[in-house]
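The values are calculated or read from the model by the stated rules, or taken from the named source; none is laboratory data. Note that the coordinates shown come from a computational prediction; the quantities given were computed from them, not determined experimentally. Ideal geometry is used to build each Cβ from the backbone, glycine not excepted, and the neighbour counts take in all protein chains shown.
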């Protein structure tokens with residue numbers, strides 16, 4: 001029982017971070033009707049901004065976190081939208097998807113060139129003390145990661161549903177033309193979406209990197225798992241991304257413990273195939289029609 | 001032919017012949033060693049240290065007169081930790097005229113690329129430790145540290161007599177290196193009458209070890225043998241600390257390496273490993289001098305991979321000078337059964353022998369991480 005609980009809670013903590021990344025896919029999809037294939041690299045890069053703050057600028061860890069967060073929002077939110085999304089989007093979604101793939105490669109190779117191919121240690125935000133939960137030694141860090149990730153998702157959902165700005169963002173996502181007629185500043189709402197995505201990616205980076213270690217290639221796995229989590233949960237629903245992320249985190253750990261460790265990497269793909277066959281809109285998603 | 005034509009032809013001939021002659025003269029004055037290593041990808045921590053150790057050795061060899069009196073050059077080839085790329089690069093290095101291959105470190109790559117060096121009768125010093133490498137009858141491949149089939153058995157007395165373990169677990173990375181060590185360890189435990197109660201395989205570049213550690217914790221062995229590459233070792237140690245894994249974690253070589261300690265931080269404290277050679281064994285004069293020189297040059301502490309790269313280049317020099325000419329076949333004959341005494345060949349660091357398969361024997365060490373640094377807690381005689 002204690003082993004199950006240990007593995008389950010650990011899976012939830014990792015899954016919650018996957019969910020943060022998956023929500024980014026959902027937000028960008030809603031804002032620009034495109035898939036950001038550099039999303040994994042968006043999670044890899046902020047950790048390096050923090051390391052630059054600590055090792056090059058001599059900042060303390062917490063100040064470096066703020067520095068990394070701010071730089072991430074500017075680079076991965078503002079500049080991403082202004083320099084890549086805005087000029088390329090008029091040429092079509094596919095062109096933008098290819099551009100994000102290229103951006104992912106650029107970010108990965110830049111991190112490698114600038115900081116080296118070796119993994120780097122990354123300090124944790126919380127102490128690694130254990131607490132006893134029904135006989136399972138659960139890491140306080142895991143629990144706090146879980147609480148923070150879930151808290152962010154709840155706050156984001158409340159923001160989108162209960163505030164005027166949030167509802168304007170949703171209106172923009174659903175139909176930008178009508179939203180504009182109704183007086184919504186569509187460009188501003190889209191910008192907000194990209195800034196939120198960058199903030200979520202930075203947060204996910206700060207939570208996951210102490211375990212993953214800071215490495216240029218981290219985005220490959222994270223991006224793929226989060227993409228699958230978003231599809232499994234429902235690409236057009238934030239709560240879907242949350243469910244998808246948690247589900248993959250928990251199932252991955254349970255499979256590795258009770259079924260097979262060797263094929264654990266295949267699990268998200270198996271899940272993806274099953275969902276596409278059984279419920280193509282995802283567990284929490286809604287069907288979308290599109291005129292062609 | 002007009003006078004102007006003759007003049008132009010002469011000019012053309014001179015412009016081709018002079019650089020060619022200069023090139024030949026330059027080629028005759030230098031020998032090339034091909035450094036083929038994991039300079040990026042999952043094996044970068046090992047490969048870059050291997051390279052830097054080798055670079056330091058090349059600088060020292062050149063200062064000592066080179067190989068056969070010729071200056072040594074060492075072009076670098078990055079395998080990206082991809083076995084197929086490594087195979088192509090060994091061929092490229094040979095095509096470019098190297099007299100020996102220095103690398104690779106990852107066993108999966110060495111298993112693939114050593115056939116190319118063998119076909120061309122080119123000596124190859126490798127940092128790989130999978131047992132199978134010296135069991136293929138390849139006379140041109142030589143280790144720079146003992147293989148798992150020599151290193152892992154050196155741990156048996158530690159599990160049996162020091163830890164008095166009755167049941168053990170094994171956590172290993174599912175690649176050529178990990179499989180080799182795991183198989184030898186399980187066979188050794190069987191011989192020693194110790195039960196292996198949990199056998200946890202993980203994948204190369206795996207990031208999440210929660211399930212693996214939970215499985216081990218649940219099986220409750222007296223000690224765990226951890227056999228993974230550097231980054232995987234660090235992630236395992238971090239997770240082991242997170243889940244408060246109570247039993248001793250014992251590894252072979254990588255578990256107590258400087259890079260693992262840097263990545264795992266205080267989670268590495270208490271980890272124990274058998275290492276063929278360690279820069280912390282500063283009571284050995286050659287190792288102390290090497291460690292100082294490496295730190296002065298690269299501003300970081302050397303790992304055992306750096307020492308292996310260093311030994312590989314120096315062994316190439318000693319043996320080529322002994323043979324007296326660049327001749328792969330004669331080099332192979334000399335290597336088999338060769339023993340180099342540190343007293344006569346100080347840069348080999350410890351008395352070292354190679355058997356007729358290229359396997360290496362030399363004294364080794366037990367180390368434990370204490371306060372963030374590996375400390376030698378015992379020596380193991382050559383086996």
Fill in the blank from the handout: Among helices (runs of 4 or more DSSP H) entirely inside the stretch B:245-355, those with 2 or more residues being touching a helix residue (DSSP H, G or I) at 6+ places or on another chain (Cβ under 8 Å), within 25 Å of residue B:154 (Cα to Cα) and modelled with pLDDT of 95 or more are B:304-323
Problem - The one condition in (1) at pLDDT 95 or above; (2) within 14 Å of chain A (Cβ to nearest Cβ) that residue B:56 fails to fulfil - result: (2)
Handout entry: Residues (touching a helix residue (DSSP H, G or I) at 6+ places or on another chain (Cβ under 7 Å) and within 14 Å of chain A (Cβ to nearest Cβ)) located in the stretch B:179-196
Key = none
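Can you find a residue that is within 14 Å of another protein chain (Cβ to nearest Cβ) and either closer than 25 Å to residue A:261 by Cα or in contact with a strand residue (DSSP E or B) (Cβ under 8 Å, 6 or more places away or on another chain) (or both) anywhere in the stretch B:152-159?
No: the stretch B:152-159 contains no residue that is within 14 Å of another protein chain (Cβ to nearest Cβ) and either closer than 25 Å to residue A:261 by Cα or in contact with a strand residue (DSSP E or B) (Cβ under 8 Å, 6 or more places away or on another chain) (or both).
Conditions tested, residue by residue: (1) under 21 Å from residue A:109 (Cα atoms); (2) under 16 Å from the mean Cα position of the chain (by Cα); (3) buried (at least 24 other Cβ atoms within 10 Å of the Cβ).
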{"site": "B:30", "(1), (2), (3)": "no, no, no"}
{"site": "B:34", "(1), (2), (3)": "no, yes, yes"}
{"site": "B:43", "(1), (2), (3)": "yes, yes, yes"}
{"site": "B:78", "(1), (2), (3)": "yes, yes, no"}
Practice task
Could you please find all residues in the stretch A:149-168 being assigned to a helix (DSSP H, G or I) and without any contact (Cβ under 8 Å) to a residue 40 or more places away in the chain?
Solution key: A:151, A:154, A:155, A:158, A:159, A:161, A:162, A:164, A:165, A:166, A:167, A:168
Problem - residue B:231 surrounded by fewer than 19 Cβ atoms within 10 Å (Cβ to Cβ) and within 14 Å of chain A (Cβ to nearest Cβ) - result: no
Problem - Selection count where residues are touching a strand residue (DSSP E or B) at 6+ places or on another chain (Cβ under 9 Å) and surrounded by fewer than 18 Cβ atoms within 10 Å (Cβ to Cβ), scope the stretch B:164-173 - result: 2
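The rows are residues; the columns are (1) more than 14 Å from chain B (Cβ to nearest Cβ); (2) surrounded by 11 or more Cβ atoms within 10 Å (Cβ to Cβ).
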| site | (1), (2) |
| --- | --- |
| A:133 | no, yes |
| A:138 | no, yes |
| A:141 | no, yes |
| A:149 | yes, yes |
| A:164 | yes, no |
| A:172 | yes, yes |
| A:177 | yes, no |
| A:183 | yes, no |
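Considering A:191, A:195, A:242, A:247, which residue is surrounded by fewer than 24 Cβ atoms within 10 Å (Cβ to Cβ) and within 19 Å of residue A:142 (Cβ to Cβ)?
A:247
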Completion exercise
So, first residue free of Cβ contacts under 8 Å to residues at least 40 places away in the same chain in the stretch B:171-188, second residue part of a helix (DSSP H, G or I), Cβ within less than 7 Å, six or more apart or across chains; the pairs are B:188/B:152; B:188/B:153; B:188/B:156
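Mind telling me which of the residues A:50, A:21, A:28 ends up being in contact with a strand residue (DSSP E or B) (Cβ under 9 Å, 6 or more places away or on another chain) and buried (at least 20 other Cβ atoms within 10 Å of the Cβ)?
Being in contact with a strand residue (DSSP E or B) (Cβ under 9 Å, 6 or more places away or on another chain) and buried (at least 20 other Cβ atoms within 10 Å of the Cβ) holds for just one of A:50, A:21, A:28, which is A:50.
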Exercise for the section: Determine whether the stretch B:132-150 contains at least one residue that is in contact with a strand residue (DSSP E or B) (Cβ under 9 Å, 6 or more places away or on another chain) and farther than 30 Å from residue B:32 by Cβ. Expected result: yes
Completion exercise
Within the stretch B:213-228, the count of residues that are within 11 Å of another protein chain (Cβ to nearest Cβ) and surrounded by fewer than 24 Cβ atoms within 10 Å (Cβ to Cβ) comes to 5
Exercise for the section: Scan the stretch B:96-104 and give yes if some residue there is surrounded by fewer than 17 Cβ atoms within 10 Å (Cβ to Cβ) and either over 25 Å from residue B:179 (Cα atoms) or modelled with pLDDT of 95 or more (or both), otherwise no. Expected result: yes
Practice task
Could you please find all residues in the stretch B:236-253 being within 7 Å of another protein chain (Cβ to nearest Cβ) and touching a strand residue (DSSP E or B) at 6+ places or on another chain (Cβ under 8 Å)?
Solution key: B:242, B:243, B:244
